[in-house]
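Structure first, then comments.
The values are calculated or read from the model by the stated rules, or taken from the named source; none is laboratory data. Values in this document were obtained by computation on a predicted structure and should not be read as measured data. All Cβ positions, even for glycine, are placed from backbone atoms using ideal geometry, and neighbour counts span all protein chains on display. Quick note on the areas: whole protein, heavy atoms, side chains included, nothing else; ligands and nucleic acids left out. Shrake-Rupley method; radii C 1.70, N 1.55, O 1.52, S 1.80 Å.
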Amino acid sequence: MLVGVALFSLGLHGLLAKAHLLHKVLGLNVMASGTFMVFIGAGARVPGVAPDPVPQAMVLTGIVVAVCTAAYALALTRRIRDVTGRTTLPGEHDTPPPPHRAARDY
Amino acid sequence: MSIVAAVFDAVLGLMLIWLAWRLLRSDDLFKAVVLFIVFGLMVALAWARLGSPDLALAEAAIGAGLTGVLLLITLATTGHSAYATFDARPRVRLGWAGRWTRGLLVAGVAAILATAVWSMAEDFRGLAPAVDQRIAEAGAANPVTAVLLNFRSWDTLLEIGVLLLALTATWALGGRPVSAFPGAVRMGGMFTVLARFLVPLLVLTGIYLVWAGTNQPGGAFQAGTLIGAAGIVLLLSGLLAPHRGHAFPLRVLQVFGLLVFLSAGLAGLFGGHFLEYPAGQVGAFILGVELALTVSIAVTLGALFFAAEPHAARPLPVQGRQQEAP
């Protein structure tokens with residue numbers, strides 16, 4: 001469970017410290033894994049006894065919701081890249097994108 | 001617990017933290033994504049060690065596999081500029097005060113969480129006894145399936161809703177279909193040969209997983225992801241080219257699972273409450289709902305990968321393009 005706490009905190013730091021949106025998605029997913037780890041760890045603490053199925057079912061739901069969130073966040077990232085030519089949020093990192101290749105058409 | 005098992009668990013835990021640290025620190029995004037996939041597989045291993053084979057299957061298929069593929073395709077389609085070729089160097093710019101605030105915030109959250117986890121009751125057994133007590137009535141011998149599709153079926157019903165919502169929101173963004181990016185897909189050649197072997201195998205494994213899911217580890221989500229992956233392989237290999245004609249049947253299949261689940265829930269209204277299956281036929285109801293869910297999950301996940309509506313041949317206009325192009 002302490003591993004879960006560590007993962008959650010690392011993910012939170014990544015989310016706040018990295019400007020690249022893809023890295024933020026990675027941070028969010030690591031945070032989710034940490035949360036799940038705490039949950040399952042809490043349900044499986046007594047050795048030798050079958051683990052609690054309720055948190056398992058909830059985490060299974062959580063994994064699916066996490067991939068939905070990730071897919072939507074990545075679609076937003078692609079859209080932001082199409083519209084602004086960059087993969088960071090405005091104001092967080094202020095180097096202008098190179099104008100000649102940023103808006104390249106596929 | 002034997003010493004070997006304890007050492008293995010400790011190494012696994014440390015490795016998870018180390019992988020998370022490396023992937024979040026990495027300035028090379030491609031490396032970060034690959035590390036993330038490895039991280040996902042390690043998490044799956046951790047679930048197996050924690051006695052949750054259902055989760056291990058789901059994590060390997062969804063957490064590592066599908067999320068990894070989505071990340072790679074986004075990297076391939078957004079990373080090809082001089083500005084961002086796999087480069088994640090941009091960090092959030094903050095003064096020293098901002099950095100300290102951020103550090104303290106993260107450390108504070110970590111400390112509070114650690115205290116909360118540490119102070120949990122030792123002998124707490126959670127809801128496992130309650131589930132054990134009524135598992136015989138649940139219509140599924142696998143306790144996780146019983147919780148998902150009977151005791152807490154509301155969660156699962158809404159989860160399918162979330163899946164549809166994510167797809168609707170992604171479609172609303174009107175992105176270009178993934179197949180419109182040259183180089184990103186249409187792998188052809190060897191991959192097509194591989195796909196011919198891979199697709200039937202994936203579908204077969206998926207069908208087995210949903211069939212076994214009521215009594216053994218497995219179930220609609222794991223199976224749906226595998227079959228969805230088969231669809232993605234078909235798209236990548238060029239064996240299946242989406243076109244306008246697919247749009248309507250796809251939509252029908254995507255809402256099919258939700259509709260079957262809802263009508264099964266409504267059928268319960270005759271005997272008692274919403275989502276309360278008639279006694280004696282619970283097993284059949286659960287299997288029916290699981291099969292319908294598998295189909296919808298497979299099609300929805302495949303569509304999420306593809307990103308754009310099949311009939312949206314023309315992408316939404318991009319504002320600000322004129323100012324950027326010299």
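With respect to being modelled with pLDDT of 80 or more, acidic (Asp, Glu) and either more than 30 Å from B:Val203 (Cβ to Cβ) or surrounded by fewer than 17 Cβ atoms within 10 Å (Cβ to Cβ) (or both), B:Asp54 falls outside the description.
In segment A:59-78, the residue that is most open to solvent (accessible area, probe 1.4 Å) out of those that are facing chain B (nearest Cβ under 7 Å) and within 16 Å of B:Leu148 (Cβ to Cβ) is A:Val65.
Between a first residue in segment B:1-28 that is under 22 Å from A:Gly27 (Cα atoms) and a second residue that is open to solvent by 60 Å² or more (accessible area, probe 1.4 Å) and of a type in the set (D, E, K, R), which pairs have beta carbons less than 7 Å apart while being 6 or more apart in sequence or on different chains? From residues that are under 22 Å from A:Gly27 (Cα atoms), the pairs are B:Leu12/B:Arg49; B:Asp27/B:Arg89. One residue stands out in segment B:234-272 among those that are part of a helix (DSSP H, G or I) and modelled with pLDDT under 70: the one that is most open to solvent (accessible area, probe 1.4 Å), namely B:Arg244. Selection within segment B:146-156: residues that are open to solvent by less than 10 Å² (accessible area, probe 1.4 Å) and either of a type in the set (Phe, Trp, Tyr) or in contact with a helix residue (DSSP H, G or I) (Cβ under 7 Å, 6 or more places away or on another chain) (or both). The member of this set that is farthest from the other protein chains (Cβ to nearest Cβ) is B:Leu149.
Among the residues making up segment A:3-36, those that are facing chain B (nearest Cβ under 7 Å), touching a Gly at 6+ places or on another chain (Cβ under 7 Å) and modelled with pLDDT of 75 or more are A:His23, A:Leu26, A:Gly27, A:Val30.
For segment B:278-291, does any single residue satisfy the condition of being under 19 Å from B:Ala172 (Cβ atoms), modelled with pLDDT under 70 and among the aliphatic types (A, V, I, L, M)? Taking every residue of segment B:278-291 in turn, none turns out to be under 19 Å from B:Ala172 (Cβ atoms), modelled with pLDDT under 70 and among the aliphatic types (A, V, I, L, M). When you look at A:Pro55, is it modelled with pLDDT under 80 and open to solvent by 10 Å² or more (accessible area, probe 1.4 Å), yes or no? Criteria not met by A:Pro55. Taking each residue of segment B:211-226 that is under 16 Å from B:Phe285 (Cβ atoms) and looking for partners that are open to solvent by less than 10 Å² (accessible area, probe 1.4 Å) and among the aliphatic types (A, V, I, L, M) with beta-carbon atoms closer than 6 Å, six or more apart or interchain, yields B:Thr214/B:Ala140; B:Ala220/B:Val210; B:Ala220/B:Leu293. Within segment B:136-149, residues that are within 18 Å of A:Gly62 (Cβ to Cβ) sit with their Cβ atoms under 7 Å from residues that are polar (S, T, N, Q) and part of a helix (DSSP H, G or I), at 6+ positions apart or across chains, in these pairs: B:Val144/A:Gln56; B:Leu148/B:Thr156; B:Leu149/B:Thr156. Only helices (runs of 4 or more DSSP H) whose full extent lies in segment B:119-233 are considered here, and the ones with at least 2 residues that are modelled with pLDDT under 75 are B:128-134.
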